1. Can you tell which of T394, T351, T381 is free of Cβ contacts under 8 Å to residues at least 40 places away in the same chain and open to solvent by less than 20 Å² (accessible area, probe 1.4 Å)?
2. Yes or no: R338 touching a Ser or Thr at 6+ places or on another chain (Cβ under 9 Å), under 25 Å from A283 (Cβ atoms) and not hydroxyl-bearing (S, T, Y)?
3. Tell me, which residue of region 211-230 that is out of contact with any strand residue (DSSP E or B) (no Cβ under 6 Å at 6 or more places or on another chain) and farther than 16 Å from S358 by Cα is surrounded by the most Cβ atoms within 10 Å (Cβ to Cβ)?
4. Tell me which strands (runs of 3 or more DSSP E) are completely within region 194-286 and hold 3 or more residues being over 23 Å from the mean Cα position of the chain (by Cα), or say none if there are none.
5. Keeping to region 47-94, report how many residues are among the β-branched types (V, I, T) and open to solvent by 20 Å² or more (accessible area, probe 1.4 Å).
6. Collect the residues in region 1-30 that are part of a helix (DSSP H, G or I) and either open to solvent by less than 20 Å² (accessible area, probe 1.4 Å) or farther than 16 Å from T53 by Cα (or both), keeping them in residue-number order.
7. List, please: which pairs have Cβ atoms under 6 Å, are six or more places apart or on different chains, and start with a residue in region 29-43 that is under 14 Å from L359 (Cβ atoms) and end with one that is of a type in the set (A, V, I, L, M, F, W, C) and assigned to a loop (DSSP other than H, G, I, E, B)?
Amino acid sequence: MRLRTIDDLGDLAGTRVFVRLDLNVPLAEGRVTDDVRIRASIPTLEELLGRGTSLVLACHLGRPKGTVREELRLAPVGDRLAELLGRDVMALDEVTGNGPSAVCSHVEPGEIVLLENLRFDPREERNDETFASELAELADVYVDDAFGAVHRAHASVSALPARFVRDERPAAVGRLIEREVEGLSRLLDEPQRPYVAVLGGAKVSDKLSTIGALVERVDAILIGGAMAFTFIAAQGGEVGASLVEPDRFDDVRAARERADERGVVLQLPEDVVAASEMSVDAAHTTVKAADVPQGKMGLDIGPRTVEEFARSIAEAKTILWNGPMGVFELEPFSAGTRGVATAIAGSKAYTVAGGGDSLAAIAKLDLEDGFDHLSTGGGATLEFLEGRDLPGLTVLEVG
């Protein structure tokens, strides 16, 4: 994939650059509680500012579904961005209209404007051409650095850059997207083998398409987290009160059969840590994964499973990790995620991790330096690795 990058934009001095960012971060009491995504955007913004531009920044926050929700306004995000950049950021209370148009038409080099939450306007998620046209009037150049949104056919990600390209106006991806594509492409383009995927999280339904795609590419898939119980129950195991999706039994059986056909190892937990409730004070015990007592639920993989997963990880030369092995936020159920994360970080393989919970666990354990690529994409990461065409990338491909 050859994408238009900032290097293709030429002299930017004096231009207004519309930058689509992924600043969809958690807020509490009007403050940002996790600024990882904001920090990831800084290199692109500093480079553009260093080239004499003014910036018109745009992003979404939460799911307001086309209506204004006060708790999802972007002012707190703008405050944190200003702190990290060491510059003023003018956070507007509208997305388009006379106000933003007047402000953006008078910005000077070095100045930064942050539009209000794009999803306050219902036209954003409809990929509306008129909305895209209104946004296009606010700047001279378009840069997309929101990897976490490139799988969405939304106006600021799809219709807007398409308009710039169609009108032969400068448009490109930023450094974050450039790094993401480079880092993830190594998992698609003849990865070193054995290639092991470690998947976790709550619902298997969220990752069925990913499992289907990975079965065709990897040598082993290690499945932990609550999603493992649908596989176990589909095979006749007793899983107690653990989270199960019975309507997906046929799907997981088909995935297992396909893995067997291809000689792909599909490794499920042998033991789990079970409790009657998801609580830090709950009495917990380690039991066989296919023999969870009634009234108890599996909330983490057990020590035997950690050992077996670590053995597979140690033999790998390429590793993808997406999703925790249990409720890692609660200490009684964190050992599985900690053990797997530590094993991956300590391996000699090319290692990639993605998904908000996985990244949070890695940060909590201070293991960032043990991974070759930490992907900010979530769903976009998985769809990229499934080999899908992503709207925000295809529109900015060269040729």
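1. T351
2. no
3. A228
4. Values: elements: 195-199, 220-223, 265-267, 271-275.
The qualifying strands (runs of 3 or more DSSP E) are 265-267, 271-275.
5. So the first thing to find is which residues in region 47-94 are among the β-branched types (V, I, T), and the list is 53, 56, 67-68, 77, 89.
Next cut, open to solvent by 20 Å² or more (accessible area, probe 1.4 Å) only: 67-68, 89.
Residues flagged as among the β-branched types (V, I, T) and open to solvent by 20 Å² or more (accessible area, probe 1.4 Å) within region 47-94 amount to 3.
6. Selection gives I6 alone.
7. D34/V25; R37/L23; R37/V25; I38/L23
The values are calculated or read from the model by the stated rules, or taken from the named source; none is laboratory data. It should be emphasised that the depicted structure is a prediction, and the values quoted were computed from it without experimental measurement. Note: ideal-geometry Cβ built from the backbone for every residue, glycine included; neighbour counts use all protein chains shown. Accessible surface areas use protein heavy atoms only, side chains included; no ligands, DNA or RNA. Shrake-Rupley method; radii C 1.70, N 1.55, O 1.52, S 1.80 Å.
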